[in-house]
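One structure below.
The values are calculated or read from the model by the stated rules, or taken from the named source; none is laboratory data. Here the structure is a predicted model, which is why all the values come from computation and not from measurement. Cβ placement follows ideal geometry from the backbone for every residue including glycine, while neighbour counts extend to all protein chains displayed.
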């Protein structure tokens, strides 16, 4: 009965919390990425059109060009698109592990070891994802001592 408590505790306190985090981060980064890309695309289309209209002051397409450059810089600094894909990939991997664990399928076919293997694999996924954001720490961990 105690192992069920450990399982429930881990699933609620660790797995679910992490799943929710990656889901939220994936959604937020996707939205920002799409907004920035849409603005850059529409702005890039609008600039030459505005420049070809004699009645439009050259100040407007100039300011728009600056805003496009700023939006592009935001994407390059914050990597919304990359983050979205990384968070989504980790989220899907977490969901896959839970589905396999729940069904006792694949590597989880041996019930005696299923929970500890599940924890190891989930923590490995989380560690791999963390190392994508802190590559200098990954190289320190792999360096011979």
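Evaluate the range 50-65: report whether one residue or more is closer than 30 Å to residue 117 by Cβ, over 24 Å from the mean Cα position of the chain (by Cα) and loosely packed, with under 12 Cβ neighbours inside 10 Å. Give the steps one after another, and end with the answer.
The first filter runs over the range 50-65 and keeps only residues closer than 30 Å to residue 117 by Cβ, leaving none.
Within the range 50-65 (the criterion being closer than 30 Å to residue 117 by Cβ, over 24 Å from the mean Cα position of the chain (by Cα) and loosely packed, with under 12 Cβ neighbours inside 10 Å), the answer is no, since none of the residues qualifies.
For the range 78-144, which helices (runs of 4 or more DSSP H) that fit wholly inside it have 2 or more residues that are within 21 Å of the chain's Cα centre (by Cα) and modelled with pLDDT of 95 or more? Please lay out each step first, then the result.
Values: elements: 80-103, 111-133, 135-142.
The helices (runs of 4 or more DSSP H) meeting that bar are 80-103, 111-133.
So, in the range 56-67, exactly how many residues are in contact with a helix residue (DSSP H, G or I) (Cβ under 8 Å, 6 or more places away or on another chain) and assigned to a helix (DSSP H, G or I)?
Residues in the range 56-67 being in contact with a helix residue (DSSP H, G or I) (Cβ under 8 Å, 6 or more places away or on another chain) and assigned to a helix (DSSP H, G or I): 5 in total.
Residues are listed down the side, and each one gets a yes or a no for (1) assigned to a helix (DSSP H, G or I); (2) more than 18 Å from residue 121 (Cβ to Cβ):
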residue	(1), (2)
6	yes, no
11	yes, no
26	yes, yes
46	yes, yes
49	yes, yes
54	no, yes
69	yes, yes
76	yes, yes
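If I ask for residues that are in contact (Cβ under 8 Å) with a residue 60 or more places away in the chain and surrounded by 17 or more Cβ atoms within 10 Å (Cβ to Cβ), which ones from the range 81-117 would you list?
Of the range 81-117, the ones in contact (Cβ under 8 Å) with a residue 60 or more places away in the chain are 87-88, 90-91, 94-95, 98, 115.
Answer for the range 81-117, where residues must be in contact (Cβ under 8 Å) with a residue 60 or more places away in the chain and surrounded by 17 or more Cβ atoms within 10 Å (Cβ to Cβ): 87, 88, 90, 91, 94, 115.
Can you tell me how many residues within the range 30-49 are closer than 30 Å to residue 89 by Cβ and over 29 Å from the mean Cα position of the chain (by Cα)?
0
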